[in-house]
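The numbers here are math on the coordinates, done by the rules we state, and not lab data. Nothing here was measured: the structure is a model prediction, and the numbers come from that model. Glycine also receives a Cβ, built like all others from the backbone with ideal geometry; neighbour counts cover every protein chain displayed.
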Amino acid sequence: MPAILQRRPWLLVAAIAATLALGACSGFSERTRGALSAVTPYKVEVVQGNFVSKEQVAALKPGMSRQQVREILGTSLLNDVFHANRWDYVFTIRRQGVDPQERRLTVFFNGELMDRFEGDEMPSEEEFVATLDTRRKVGKVPQLEATEEELKKFAPAKDDKKADASGTPVAPAPALPAAYPPLEAAR
């Protein structure tokens, strides 16, 4: 037996345990592999570009200045040096549990004035927010109004004495004092 193993017996135990563990890895059943494949790592949400809504596109009119277009859509994501009369607005979002989204809008200028625009069909702001909500919908919303019959169940007892839910009489609360002591002592 080597000298290091004589001085540190726990090292021998650890080596044997590691050997057994590696041998057991080859014996994974299909069931165990299936369970491990169901565990997925967290994927970071990636949002890039400018979200352009249907309402913003509707506000664009030919003949607008570059500044007016920038005020409506924001600064474009891509400014091509070789195509100075073209602004590209690209929006992508990748989220766990949701299909990736990608939308494009290209605005063309003739000098300093907008000539035309083309691109994908843009969702309204409300539609876009609805696609982001990935929470499961839970059943139907309960009715929030009580009927007259339901309210009668909680009506006070007929006589002056109050009763709890089981019908047992409850003593009235003591009367409040006419004046309260001061919060701080007088100096």
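Tabulated results
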quantity: Exposure proxy ranking, count of Cβ atoms within 10 Å, fewest first, for K54, K140; calculated: K140, K54
quantity: Sorted by Cβ neighbour density within 10 Å, fewest at the top, the residues I16, I93; calculated: I16, I93
quantity: Projected label distance in nm at L113 and N79, using a 7 Å step from Cα toward the beta-carbon; calculated: 2.3
